[in-house]
């Protein structure tokens with residue numbers, strides 16, 4: 001950090017052939033973000049035209065909750081490469097992060113050409129569904145209390161899992177849905193299993209939560 005003179009957050013540095021070649025600190029204007037992306041795209045002759053660093057920078061913004069900056073950066077990337085699935089999905093996720101669910105849905109339903117079938121964009125469909133559920137999730141504390149009083153009530157278990165996921169407790173939400181599946185796998189047309197697959201689809205395939213959850217679910221199905 002000292003060597004690169006990092007003094008504020010967010011700080012983005014791009015490297016080419018092991019050397020820092022561009023970057024910015026703090027919030028910058030859209031024109032500056034576009035200049036950054038254009039610069040990286042022009043470095044070549046890398047197969048991705050240098051856009052990988054720009055995408056990585058935008059993903060960092062997403063992780064840090066800088067959703068507006070991420071939107072501007074992903075948009076600039078898409079101007080350079082309109083069918084970049086990672087950037088398009090990142091743009092959708094940034095809108096989800098801001099709570100712009102209708103805009104996210106519009107981007108998903110109007111995704112052009114091959115983007116509509118890209119795995120990155122497909123994952124955002126599950127994210128949108130979970131985000132809409134989160135908007136109507138009940139209070140976690142109340143649902144925990146209700147579950148303690150009636151631990152075998154499938155609706156309470158399902159609602160608790162929804163509230164847990166809405167509060168970012170994804171692993172606990174998966175565990176709760178697995179408990180529901182074990183209790184009554186056929187309840188509400190197999191709602192527990194369907195919801196588990198929705199959560200898995202919203203995560204990366206190799207996410208430890210996905211791997212562990214799929215193993216437990218399979219062991220129950222084939223027990």
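None of the figures in this text is laboratory data; all of them are computed from the coordinates on show. Worth saying up front: this structure is predicted, and the values here are computed from it rather than measured. Don't worry about glycine lacking a Cβ; one is built from the backbone with ideal geometry, like all the others, and counts go over all protein chains shown.
Quick check on the exposure proxy: order 77, 209, 55 from fewest to most C-beta atoms within 10 angstrom. Write out the running numbers ahead of the final one.
On the way: 77 26, 209 17, 55 20.
Ascending number of Cβ neighbours within 10 Å: 209, 55, 77.
Of 61, 103, 127, 220, how do they rank once you tally other Cβ atoms within 10 Å and put the fewest first? Display every interim value, and only then the final one.
Details: 61 24, 103 16, 127 21, 220 13.
Neighbour counts put them in this order, fewest first: 220, 103, 127, 61.
Counting only C-alpha contacts under 8 Å and six or more residues apart, can you give the relative contact order of the stretch 110-223 as a whole percent? Write out the running numbers ahead of the final one.
Values: 99 pairs, mean separation 26.8, N = 114.
Relative contact order of the stretch 110-223: 24 percent.
Based on the Cβ-Cβ distance of residue 218 and residue 120, what FRET efficiency does E = 1/(1 + (r/R0)^6) give at R0 = 41 Å, to the nearest 0.05?
Numbers: r = 25 Å, r/R0 = 0.62.
Working from the Cβ atoms, E equals 0.95.
Contour minus end-to-end for residue 186 and residue 135, with contour as 0.36 nm per residue of separation and end-to-end as the Cα-Cα distance? Don't jump to the answer; show the numbers that get you there.
On the way: separation 51, 0.36 × 51 = 18.36 nm, distance 2.59 nm.
Gain in length upon complete extension: 15.8 nm.
Along Cα→Cβ, 7 Å out, is where each label goes; now give me the distance between the ones at residue 83 and residue 145 in nm to one decimal.
Spacing of the two 7 Å Cα→Cβ label points: 5.6 nm.
Once you place label points 7 Å from the Cα toward the Cβ at residue 106 and residue 60, how far apart are they in nm?
For residue 106 paired with residue 60, the spin-label model returns 3.1 nm.
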